[in-house]
Amino acid sequence: MTSTFAQLLKGNRVFKNVDGKIQDKLISLARPRDYPANSFLTLAGECWPFLLMVMEGNLVVLKESSEGRTLTITELGQGEVFWGPAFFEDAVPNPATIRFTQASRLYLWQRDEVLPIFLENGSITWELSRLMLDRMLKASDIITGLAFQPVAGRLANLLMNYPHQSDSGPMVRTLTLDDMAMRIGTTREMVCRFLQGFADQGMIKITRTELEIIDRDQLTLLAQKEKA
């Protein structure tokens, strides 16, 4: 059965412990918005004072360098909550860009409309703080990988955590070379080169449409290797 927005909100860690009347109020204040694939919710440098919940679809949070390189910071799917910095502090610009990878529906809360509710309900602010901590720890892992892991290790780690993996057998390639490059902070050319190298060494099998991990132990060793 497809979840409704009310079901998603009432089951979400941020809102599930508040009184039902407060949940209903938050549901009434949320504004649905639909977005096409490859459109942008907000760009780095903009002030965006909203909190969002993903109802359908998928979006990625991207950090871009002055040289034009892009790094995927996090990916958000159904039921996940995210926010702009200006939701918490007036006029603070976004440090990252948010782009839709699929046609998506969001529910948005405007800061001024829900701030009194948040201030009066400590469990909401507590769970938001815990969620922020989770995101900070994930960002720390990304930074650590960029600083201390070679590209081969970062790519090996990505392959071992590739979306929609099964225990054995090939899986559909749901990430393009550009997608993979953005997740590990490199270029599509480097990704292509290392994928071919992994295949030549018997660690993976790869075609235009499928990917299969053959030697997970060897990939694990690569993922654990630090820069010299």
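Every read-out reported here was derived from the displayed coordinates using simple, explicitly stated rules and does not represent laboratory data. All values reported here derive from a predicted model rather than from experimental measurement. Please note: Cβ atoms are built from the backbone with ideal geometry, for glycine as well, and neighbour counts cover all protein chains shown.
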- Using the Cα centre as the reference, give the magnitude of the dipole from point charges on the C-beta atoms of the range 87-177 (Lys, Arg: +1; Asp, Glu: -1; all else neutral), rounded to the nearest 20 debye. 520 debye
- Query: For Trp126 and Asn38, what does the FRET efficiency come to when R0 = 35 Å and r is the distance between their Cβ atoms, rounded to the nearest 0.05?
  - Reply: 0.45
- Message: Looking at the chain, I'd like the Rg to Rh ratio, where Rg is from alpha-carbon atoms and Rh is Kirkwood's inverse mean 1/r.
- Response: 1.02
- Item | Cα gyration tensor shape for the range 150-224, rounded if a/c is under 1.5, else prolate or oblate | rounded
- Measuring from a point 7 Å past the Cα of Arg13 along Cα-to-C-beta, which residues in the range 109-143 have an amide N at less than 14 Å? 124-139
- Result: in the chain the number of Lys pairs with C-alpha under 18 Å apart, spaced 8 or more or on different chains, is 4
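Under the classification rounded if a/c is under 1.5, otherwise prolate if a/b is larger than b/c and oblate if not, where does the range 67-114 fall, given a ≥ b ≥ c as square roots of the Cα gyration tensor eigenvalues?
Oblate, since a/c reaches 1.5 and b/c is not below a/b.
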- Förster-model FRET efficiency, 22 Å R0, Cys47 and Arg135, C-beta, rounded to 0.05: 0.65
- Query: Dipole size in debye (nearest 20) for the range 73-228 around its Cα centre, Lys and Arg Cβ +1, Asp and Glu Cβ -1?
  - Reply: 500 debye
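Quickly rank 43-51, 153-161 as a protection proxy: mean count of other C-beta atoms within 10 Å, highest first.
Descending mean neighbour count gives 153-161, 43-51.
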- Positive-end residue, the range 109-228 charge dipole about Cα centroid, Cβ charges, pick of Ile204, Phe118, Met190: Met190
- Item | Computed label-point distance, nm, for sites Arg69 and Lys21 using a 7 Å Cα→Cβ extension | 5.5 nm
- Note on the structure: Measuring from its Cα centre, the range 5-147 shows a charge dipole (+1 at each Lys and Arg Cβ, -1 at each Asp and Glu Cβ) which, in debye to the nearest 20, is 300 debye
